[in-house]
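Have a look at the structure below before the remarks.
Here, each number is a calculation from the coordinates, and none is a lab measurement. Keep in mind the model is a prediction, meaning the values are calculated, not measured. Using ideal geometry, Cβ is built from the backbone for each residue, glycine included, and neighbour counts are taken over all protein chains shown.
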Amino acid sequence: MTGHIFIITGPSGVGKGTLCSLLLQQNPEFSLSVSATSRPMRQGEVHGVNYYFKTREEFQAMIEHDRNHPDPVRHHLLEWAVYNDHFYGTPRQHVEATLQQGRKVFLEIETQGARLVKSKFPAACQIFIAPPDMQELERRLRGRGTEDEASIQNRLQIARQELMEQKHFDHVVVNANLDESLNEIRRIIQAVNEQALSI
């Protein structure tokens, strides 16, 4: 028996992390894949919990290793992408080990990475989290207090591009109300589980 991948994706600041944290609290049978990144650690973040924090050189070394080894079993990363001038990626070993145990795994990743994972795991369920509108997304990004103005503007520009691609994902959840969004994602997960049992 193999597990199932649920990809939570969407623009920066849309609430992916909050939704994933609450879903994991309510679904202890799920595992969260912790991403790797080259961006600096923010105040309050913990290595190995929020991200695996790597230097730019360490991340590039992982990419180079994977390029030089055609066998995916030897790869460090399942996918990687550059977002806002920093590397982000999904460590391969944890995801594949979790699936082999028959467990479900959440991947909270950017949209580029979501598409790459879907190409490797066609049965993965992609859930795109969208903001009610761009004004609300900007309010949330500024409310975090973790970005300078240039970074906020860059994230907003990327978000506009990502929102144009949302129709290509399996499900779209507009995160206007946290409880309603959680309920909608639960319904999606339940439907996927029921479909898997019926096969």
- Item | Cβ-Cβ FRET estimate between His69 and Asp170, R0 fixed at 25 Å, reported to 0.05 | 0.25
- Message: Between segment 122-199 and segment 12-28, how far is it from one alpha carbon centroid to the other, in angstrom?
- Response: 11
- Task: Would you work out which of Phe59, Thr18, Ser33 lies farthest towards the positive end of the dipole of the chain, given +1 charges on the beta-carbon of Lys and Arg and -1 on that of Asp and Glu, about the Cα centre?
- Result: Ser33
- Query: What is the distance, in nm, between label points placed 7 Å from the Cα along the Cα-to-Cβ direction at Gln93 and at Ala196?
  - Reply: 2.4
- Query: Which value, in debye to the nearest 20, gives the size of the charge dipole of the chain about its Cα centre, when Lys and Arg are +1 and Asp and Glu are -1 at the Cβ?
  - Reply: 180
- Task: Please give every one of the lysines within straight-line cross-link reach of Lys120, meaning a C-alpha to C-alpha distance under 19 Å, and leave out same-chain neighbours fewer than 8 residues apart.
- Result: Lys104
- Task: Sticking with the crude label model, points 7 Å out along Cα→Cβ, report the distance from Leu22 to Gln153 in nm, one decimal please.
- Result: 3.3
- Viscosity 1.567 mPa s, 4 °C: Kirkwood-radius Stokes-Einstein D of segment 31-139 over Cα pairs, µm²/s: 86
- Task: Using just the helices of the chain, give the 222 nm mean residue ellipticity in deg cm²/dmol: DSSP H runs with n ≥ 4 each add -39,500 (n - 2.57), and the total is spread over all residues, rounded to 500.
- Result: -14500 deg cm²/dmol
